[in-house]
Amino acid sequence: MRRRLRTETQEHADTVLRLQPAELHDTAPFAPGDDRFVAELASPGLGACSFVLGPQGTPAPAWIVLDYADGQQRRWRRARRAGGRHFFTLVEDTASAGYITTVA
């Protein structure tokens, strides 16, 4: 039986939601029912925050990754929850030169 490394276990525990730019909202969307979540993606240096309505039947992930057609990405990590909204902090941005590269 193969023994799992700690990093492998951590990767499986950290769920990721991958998005396209068209899936972002400028204002917080209404989440009908208890089986969807609203996430606020903080991007203070880029202007304003964005919002995401999570897929039906899925819990809020640990990470949200925004994939652009040119291969660039923005990555947010779940920071906290208040009421029914989950807040995510931008930790990596390859789409905006010089804004954020990696934050530990």
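Of note:
- Top-ranked residue of the stretch 11-34 - restricted to ones that are among the aliphatic types (A, V, I, L, M) and closer than 20 Å to Gln56 by Cβ, ranked as modelled with the lowest pLDDT: Ala31
- Residue tally, condition among the charged types (D, E, K, R) and under 25 Å from Tyr68 (Cα atoms), over the stretch 20-39: 3
The values are calculated or read from the model by the stated rules, or taken from the named source; none is laboratory data. Quick caveat: nothing in here was measured; it's all calculated off a predicted structure. All Cβ positions, glycine included, derive from the backbone under ideal geometry; neighbour counts span all protein chains shown.
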